[in-house]
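The values are calculated or read from the model by the stated rules, or taken from the named source; none is laboratory data. Predicted, not measured: the structure shown is a model, and the values here were computed from it. Positions of Cβ are generated from backbone atoms using ideal geometry, with glycine treated the same way; all protein chains shown enter the neighbour counts.
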Amino acid sequence: MISSVASRRHVIADDLRAQISTGRIKAGERLPSETQLAARYTVSTATLRGALALLQAEGLVEKVHGKGNFVSPALHRITYVGGGNLTQPAPSLHISIRTTKIRARGHLSALLRVPTDSPLIEFHCLSHDGNSPHSLARVYIPRDLAPAVIPDESAWPATMATPLAKVQERLCARLPTPAEADTLRISPTLSVLAITRVAADAAGRVVEAALLTLPGDRAEAVFTTHHTTEDRRAEG
């Protein structure tokens with residue numbers, strides 16, 4: 001019985017997904033009520049909600065409290081290029097930046113290699129695709145290195161004027177924290193691409209730490225390695 005219900009849930013999700021991908025149900029359109037859909041597919045409301053949950057987790061359907069289920073607008077993809085660059089060519093994408101003075105605690109002290117309570121500036125950068133949150137970056141800089149002029153939307157999220165000598169990046173796929181899911185308005189079951197970027201200057205001082213959260217349904221990371229002639233000889 002359990003496998004039958006699960007199978008039916010996936011069949012319904014596949015059918016709705018096909019209607020969305022072919023444009024029969026358009027972006028922004030409200031789906032019929034859950035009761036109507038359950039009757040159409042001759043299943044219980046619980047089974048129908050299970051099918052919708054699959055589409056919500058994929059970012060295809062968004063449930064708006066008190067209004068119903070809507071087909072999510074087609075979001076532009078975002079590409080993270082190794083070295084700290086985010087490509088967001090679509091004109092509909094814009095960024096809001098909020099700055100806060102904070103003190104280094106826990107993992108921030110470790111990332112920036114500074115004593116606890118060291119003064120920092122946090123840049124909270126939230127990009128939007130139209131009215132929908134798109135990606136999140138939190139950039140931390142020692143306060144004595146913070147730029148005199150706070151960057152505007154044209155800076156994403158590179159805020160450093162200090163020449164960088166080393167950039168270390170760590171990537172992992174994980175589930176979003178409750179705060180991230182709420183900020184990005186994504187399902188807590190949708191994996192995100194989490195990138196931790198730590199940059200140091202020529203003297204070895206860590207001058208910037210960035211925590212990027214990119215929803216997995218719209219993000220990819222690209223890294224390019226350039227080999228010199230000496231590298232090729234060493235490999236041979």
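Whether any residue in the range 84-91 is at pLDDT below 80, touching a helix residue (DSSP H, G or I) at 6+ places or on another chain (Cβ under 8 Å), surrounded by 13 or more Cβ atoms within 10 Å (Cβ to Cβ) and part of a loop (DSSP other than H, G, I, E, B) is what I want to check. No, because not a single residue in the range 84-91 is at pLDDT below 80, touching a helix residue (DSSP H, G or I) at 6+ places or on another chain (Cβ under 8 Å), surrounded by 13 or more Cβ atoms within 10 Å (Cβ to Cβ) and part of a loop (DSSP other than H, G, I, E, B).
In the condition set (1) surrounded by 17 or more Cβ atoms within 10 Å (Cβ to Cβ); (2) modelled with pLDDT under 80, LEU214 is compliant with all but (2). Any residue in the range 179-195 that is assigned to a strand (DSSP E or B), touching a residue at least 60 places away in the same chain (Cβ under 8 Å) and touching an Asp or Glu at 6+ places or on another chain (Cβ under 9 Å)? Within the range 179-195 (the criterion being assigned to a strand (DSSP E or B), touching a residue at least 60 places away in the same chain (Cβ under 8 Å) and touching an Asp or Glu at 6+ places or on another chain (Cβ under 9 Å)), the answer is yes, since at least one residue qualifies. Residues in the range 62-81 that are touching a Lys or Arg at 6+ places or on another chain (Cβ under 9 Å) and buried (at least 17 other Cβ atoms within 10 Å of the Cβ): 5 in all. Looking at ALA161, ALA219, just one residue is modelled with pLDDT under 90 and more than 23 Å from ILE121 (Cα to Cα), and that residue is ALA219.
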